[in-house]
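Take a look at the structure set out below.
The values are calculated or read from the model by the stated rules, or taken from the named source; none is laboratory data. Note that the structure is predicted; figures quoted are calculated from it, not measured. Here the Cβ is made from the backbone with ideal geometry for all residues, glycine too, and neighbour counts use every protein chain on show. To get the accessible areas, we keep the full protein, side chains included, count just its heavy atoms, and leave off ligands, DNA and RNA. Shrake-Rupley method; radii C 1.70, N 1.55, O 1.52, S 1.80 Å.
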Amino acid sequence: MLESLFINTLTAFSDDYKALCKSHYPTIHNRGMSPAHLSAAFNRRLLSLAKCNGSTISNELVFHDTVHHIFVYSILIDKQKVWIIYPQFLNAKTEAKSQMLSSIKHTIDNLGFEVTDSLAILCDHWFDRTRSSKALYHWWTGILPKQNECYLKQGIHNQLSEDRFSEVLEKTHSMACVNRSIYHPLESNQQHALLKYFLCFGLFKIKNSVC
């Protein structure tokens, strides 16, 4: 139920994103969407869909790292608690990944995370020509895109990553991956998906709590 709610929210959020970018595209093009705006916009859509489904829901900002621009929300949906982390992911280099993993560790160790809770991560990234950016798709999802020729046409040469996001979480926190997805909500001038912009989503649970 929780996974389908997030997927439906992400699908609807793509339309929200397009509308928002009509007036803010230059800013988003330069820096991506700030975690503050991303969290506010996504939470608003998530709460709206949950209420439409008849769910009871509460939403609380529980942590804000002002130095690294990371937001952590605790959301209760029909007694299912999910912690949503919105890290800043301007690049996919080691430092950015380390900050994301540090925020996950802080959430699990210090914010009251229970073994039955779920953990979600949502961030965005603009593709660049660094090795880490080329390997982002594989690092995040564990696979290369099926329609890789579409990426090649837009100048994206996806490469294999030496490690994978889900493997790191499994090793460090015994977390199992429920869903890991990449979305491309923006469109090019030709009305095609702008593949150089990544919206990265992941949903995880402690392994012994996964049905």
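General observations
- Top positive-direction residue, dipole computed over the chain with Cβ charges, set Phe13, Ile104, His69: Phe13
- Rounded to 10°, Cα long-axis angle of helix 35-52 versus longest principal axis of the chain: 60
- 25 Å Cα-Cα threshold exceeded, pairs from Lys134/Lys205; Lys97/Lys153; Lys18/Lys196; Lys22/Lys205: Lys134/Lys205; Lys97/Lys153; Lys22/Lys205
- In units of the compact-protein estimate 2.2 N^0.38 Å, the chain shows a Cα radius of gyration of 0.98.
- Assuming charge only on the beta carbon of Lys and Arg (+1) and of Asp and Glu (-1), the dipole of the chain about its Cα centre is about 360 debye to the nearest 20.
- The stretch between Thr130 and Val115, if pulled fully straight at 0.36 nm per residue, gains 1.7 nm over its current Cα-Cα span.
- When shorter helices are ignored and each DSSP H run of at least 4 residues is given -39500 (n - 2.57), the per-residue value for the chain at 222 nm works out to -13500 deg cm²/dmol.
- Multiplying the residue separation of Cys52 and Gln154 by 0.36 nm and removing their Cα-Cα distance gives an extension gain of 32.9 nm.
- Cys52, Cys150, Cys200, ranked by accessible area, largest first (probe 1.4 Å): Cys52, Cys150, Cys200
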